[in-house]
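The structure under discussion appears below in the form of structure tokens.
The values are calculated or read from the model by the stated rules, or taken from the named source; none is laboratory data. Just so we're clear, the structure is a prediction, and the values are computed from it rather than from any experiment. Here the Cβ is made from the backbone with ideal geometry for all residues, glycine too, and neighbour counts use every protein chain on show. Calculation scope for accessible area: heavy atoms of the full protein, side chains included, ligands and nucleic acids excluded. Shrake-Rupley method; radii C 1.70, N 1.55, O 1.52, S 1.80 Å.
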Amino acid sequence: MTSLRRAAVALAAASASVVLLVSCTAEPTTTSVPAPESFVEGLDAPWSIAFHDDVALVSERDTARVLEVADGGETREIGVIDDVEPGGEGGLLGLAVHDGELYTYFTATDENRVERREIRGEAGDLSLGEPTVVIDGIPAAGNHNGGRIAFGPDGMLYVTTGDAGDRDSAQDLDAIAGKILRLTPEGEVPADNPFDGSPVYSYGHRNPQGIAWDADGAMYASEFGQDTWDELNVIEAGGNYGWPEVEGLAGDDDYIDPVQQWSPDAASPSGIAVTGSDVLVANLRGERLRSVPLDDLSESAEQFVGEYGRLRDVVVGPGGALWMLTNNTDGRGSPTDGDDRILILGRD
């Protein structure tokens with residue numbers, strides 16, 4: 001059984017009305033589910049969770065620290081990423097693990113950059129080796145930095161980049177801002193990318209911050225809109241998703257419409273995950289976890305509305321449990337005692 005399928009099983013076992021319930025109408029339902037376990041507390045503006053074997057690694061945006069999480073929820077620093085220049089929405093952002101190396105997306109002085117480092121040692125005593133640049137020169141700004149990185153089922157590295165405040169760059173195929181990029185693990189351009197010699201995989205994005213794949217290899221991405229619509233998109237190689245010409249559903253054959261759109265005050269979507277049956281979306285301003293069923297991408301349900309504040313990331317962890325990362329200490333939230341934290345649902 002895959003980890004994605006185990007996630008669905010664990011959730012279903014927790015409650016008959018768990019994340020898998022959706023409305024038969026276009027309006028989202030709000031479901032009641034068991035409270036997640038507050039597993040890790042006291043994090044400082046965390047941004048991303050990735051797993052090295054069964055060990056969770058967490059990035060902190062402003063401190064530039066990477067932490068490992070012990071079985072009891074204790075954390076220890078395994079490294080501080082050099083050259084990180086936090087400011088606004090920039091800093092140490094996305095993490096990904098591949099073949100024993102940690103990949104980091106971060107904001108430096110004049111750019112966003114992805115590096116990789118060997119993960120050394122055993123659980124409880126991990127450390128990081130020297131950095132190798134995977135890609136640099138990604139435009140950076142106080143906001144719209146993208147920042148999510150993940151390895152797809154094809155073994156390639158996918159990187160989300162924001163428009164960094166330069167709206168028109170999202171439609172410029174010679175620019176790498178406002179895009180989803182596809183690279184080899186070493187940072188080369190794959191020969192089968194949709195644009196010859198270019199790392200660009202899809203374009204017309206404003207600020208995508210979540211990417212994930214289902215068991216059939218379909219790719220999904222969440223995206224911050226401006227004032228009108230946030231989006232969930234199904235990503236196609238070479239696809240144009242419209243920004244800044246359109247925001248949300250446009251019905252224009254020149255652009256690919258999202259499969260769902262939401263008002264930013266109910267969404268502001270960041271990290272996403274896919275279980276065996278749902279796309280799960282962590283929302284910041286909307287302060288909720290949203291689930292979209294794979295068998296009907298027009299439907300949705302909502303959980304934990306307003307209960308834990310801003311949610312930055314959601315991932316499927318060991319054994320199929322869901323790990324959710326709050327983001328209340330980043331200057332935009334209202335932290336409570338224990339924030340920021342990792343919440344776990346469905347852990348044995």
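Any residue in segment 253-276 that's touching a residue at least 60 places away in the same chain (Cβ under 8 Å): show its pairings with residues that are among the basic types (Lys, Arg) and buried (at least 21 other Cβ atoms within 10 Å of the Cβ) at Cβ separation under 7 Å, as long as the two are six or more apart or on different chains. That search, which allows pairs on different chains as well, returns 270/312; 271/148; 271/312.
For segment 190-208, filtering for residues that are open to solvent by 10 Å² or more (accessible area, probe 1.4 Å) and in contact (Cβ under 8 Å) with a residue 60 or more places away in the chain leaves 2. Within segment 145-155, being open to solvent by 30 Å² or more (accessible area, probe 1.4 Å) and either closer than 21 Å to residue 313 by Cβ or not in a loop (DSSP other than H, G, I, E, B) (or both) holds for 151, 153. Does residue 274 satisfy being in contact with a helix residue (DSSP H, G or I) (Cβ under 7 Å, 6 or more places away or on another chain), hydrophobic (A, V, I, L, M, F, W, C) and closer than 21 Å to residue 50 by Cβ? Yes: the conditions hold for residue 274. Taking segment 164-254 and the strands (runs of 3 or more DSSP E) fully enclosed by it, the elements with 1 or more residues that are under 19 Å from residue 89 (Cα atoms) are at 179-183, 208-213, 219-223, 230-235.
If you take the residues of segment 261-305 that are assigned to a loop (DSSP other than H, G, I, E, B) and of a type in the set (Lys, Arg), which of them is surrounded by the fewest Cβ atoms within 10 Å (Cβ to Cβ)? Ranking the candidates gives 285 first. Residues that are touching a strand residue (DSSP E or B) at 6+ places or on another chain (Cβ under 7 Å), buried (at least 16 other Cβ atoms within 10 Å of the Cβ) and assigned to a loop (DSSP other than H, G, I, E, B) within segment 306-346 comprise 308, 309, 310, 317, 321, 327, 339, 340, 341, 346, listed in sequence order.
Tell me, yes or no, whether segment 173-181 has at least one residue that is open to solvent by 20 Å² or more (accessible area, probe 1.4 Å) and touching a Leu at 6+ places or on another chain (Cβ under 8 Å). Among the residues of segment 173-181, not one is open to solvent by 20 Å² or more (accessible area, probe 1.4 Å) and touching a Leu at 6+ places or on another chain (Cβ under 8 Å), which makes the answer no.
Looking at residue 74, is it among the acidic types (Asp, Glu) and touching a Lys or Arg at 6+ places or on another chain (Cβ under 7 Å)? Answer is no for this residue.
Within segment 73-87, can one find any residue that is small (Gly, Ala, Ser) and over 23 Å from residue 319 (Cβ atoms)? For segment 73-87, residues small (Gly, Ala, Ser) and over 23 Å from residue 319 (Cβ atoms): present. For segment 118-133, the count of residues that are more than 27 Å from residue 245 (Cα to Cα), open to solvent by less than 20 Å² (accessible area, probe 1.4 Å) and either without any contact (Cβ under 8 Å) to a residue 12 or more places away in the chain or not in a loop (DSSP other than H, G, I, E, B) (or both) is nonzero. Taking segment 241-260 as the range and being over 26 Å from residue 302 (Cα atoms) and within 20 Å of the chain's Cα centre (by Cα) as the test, only 243 passes.
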